[in-house]
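**Q** Sharing a structure below in structure tokens format, with a few things to ask.
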Amino acid sequence: MTGESSSIDSTRPSIARVYDYLLGGKDNYAVDREIGDVFKRDLPGSVAIAFANRAALTRAVREIMATTGVRQFIDLGSGLPTADNVHQVAQRRAPEARVVYVDTDPQVLVHGRALLEENDRTRVVPVDVRDPEGIRNHPDTRELIDFGRPVAVMFSAILHHVNDDEDPAGIVRYWREQVPSGSHFFVSHFRSGNNPETAEAEKVLQATFGRGRWRTDAEIAALLDGLEILEPGIVPAPLWHAEAPGEAWNGGGEPELTVWERLIAAGMARKP
Ligand SMILES: C[S@@+](CC[C@H](N)C(=O)[O-])C[C@H]1O[C@@H](n2cnc3c(N)ncnc32)[C@H](O)[C@@H]1O
């Protein structure tokens, strides 16, 4: 599982490129757009979900930069570079912030590298997220991340690509054990159990990529076992630290959201 990925295959859709297409990016092929269009047709909220997820990730980085002293990030399943990437958000506030991006998609590695490795404080590590030890021991991770200081570990839209038999909880636990107290964990995840559309959407994802496990909010929270889940808890991503007035999650009944806005959840946790 460790090491450089094979070359770009433009005949089969890739998660990174389909996601890039939904976000309006240009790093995708006809085969990705075809599947992206199926998502848009059968799941009319796909584009909104992709943007809502990306916006929550950006808010999470800003929140960490504003409210903690954490200045180093490991972004697991980072995806193709898009408008604002973790290092740009973090380094805008603190130029010394360090970011290790992790992804195995060849397109990310080839095209993303130039953009993501903009400076000597960012690196792209081509190791599978299911091999956390391989990531931890990669020379670039060792060089950039000081495991004696708190780290932000970002699991943005990645754990739903890890099936139950691949031990997603064990992956989170590995990182929890590697980092010191005060470290932060951000998770965004496709959520199930809220509406019938969910099952259909999960089926499309599984049929396309041969993997995908949507989880209930309780299952997502269980992945963060041993960590202190911060306010407002695991909530629909558009509500997580929403910035527009009146949108903030108040912990009461779930505000009115579209079916699609409910499909992805976000949450942040802290290692006590
Ligand atoms: C939906 S994108 C999310 C991108 C970004 N984290 C975000 O939230 O905007 C999922 C990314 O995870 C990557 N990915 C999926 N499975 C992976 C694995 N087992 N190891 C490493 N990367 C993986 C894909 O290549 C893709 O770039």
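Laboratory data are not the source of any read-out in this text; all were calculated from the coordinates shown. Everything numeric in this text was worked out from a predicted model, so none of it was measured. When we count neighbours, we look across all protein chains shown, and the Cβ atoms used for this are built from the backbone with ideal geometry, even at glycine.
**Q** Cα to Cα, under 22 Å, and not fewer than 8 places away if on the same chain: which lysines meet these conditions relative to Lys203?
**A** Within the straight-line cut-off, Lys203 pairs with Lys40.
**Q** If you average 1/r over every pair of different alpha-carbon atoms in the stretch 131-176 and take one over that average, what Kirkwood value in Å do you get?
**A** 11.8 Å
**Q** Where Lys and Arg each count +1 and Asp and Glu each count -1, what net charge lies around Pro272 among other residues with Cβ under 14 Å from its Cβ?
**A** Residues close to Pro272 contribute a combined charge of 0.
**Q** So how much slack lies between Asn163 and Ala222, counting 0.36 nm per residue of separation and subtracting their Cα-Cα distance, in nm?
**A** 19.8 nm
**Q** Which whole-number percent is the relative contact order of the stretch 15-270 (Cα, under 8 Å, 6+ apart)?
**A** Once divided by the residue count of the stretch 15-270, the mean separation gives 19 percent.
**Q** Which net charge results when you count Lys and Arg as +1 and Asp and Glu as -1 among the other residues whose beta-carbon is under 9 Å from that of Val99?
**A** Local charge sum for Val99: +2.
**Q** Counting only other residues whose beta carbon sits under 10 Å from that of Ile49, what net charge do I get with K and R as +1, D and E as -1?
**A** Computed value for this residue: +1.
**Q** Hey, got a sec? Which GluC sites (Glu not before Pro) in the stretch 14-107 land in a DSSP loop and have at most 11 other Cβ atoms within 10 Å?
**A** Here the sparse-neighbourhood loop sites are Glu96.
**Q** Further, regarding this structure: What list of ³J(HN,Hα) couplings, whole Hz, do you get for the stretch 202-214 from phi and the Karplus terms 6.51, -1.76, 1.60, once you set θ to phi - 60° and write x for glycine and proline?
**A** 5, 4, 4, 4, 5, 5, 6, 10, x, 7, x, 9, 7
**Q** Among Pro168, Ala265, His138, flag the residue with its Cα farthest along the positive direction of the charge dipole of the stretch 15-270, charges on Cβ as +1 for Lys/Arg and -1 for Asp/Glu.
**A** Towards the positive end, the residue furthest out is His138.
**Q** Looking at the stretch 15-270, send over the antiparallel percent of its DSSP beta bridges, to the nearest 5.
**A** Here the share of antiparallel DSSP bridges comes out near 40 percent.
**Q** Roughly how many debye, to the nearest 20, is the charge dipole of the stretch 186-234 about its Cα centre, given +1 on each Lys and Arg Cβ, -1 on each Asp and Glu Cβ, and no other charges?
**A** 280 debye
**Q** Counting residues in the stretch 15-270 as N, plug N into 2.2 N^0.38 Å and put the Cα Rg over that result.
**A** 0.94
**Q** How large is the direction-averaged shadow of the alpha-carbon convex hull of the stretch 37-85, in nm²?
**A** Orientation-averaged projected area of the Cα hull: 4.2 nm².
**Q** Now for a separate question. With +1 on the Cβ of every Lys and Arg and -1 on the Cβ of every Asp and Glu, and nothing else charged, how large is the dipole of the chain about its Cα centre, in debye rounded to the nearest 20?
**A** Using only the charged Cβ atoms, the result is roughly 480 debye.
**Q** Given only helices, namely DSSP H runs of n ≥ 4 each adding -39500 (n - 2.57), what is the per-residue ellipticity at 222 nm of the chain, to the nearest 500 deg cm²/dmol?
**A** Dividing the helical sum by the residues of the chain leaves -10500 deg cm²/dmol.
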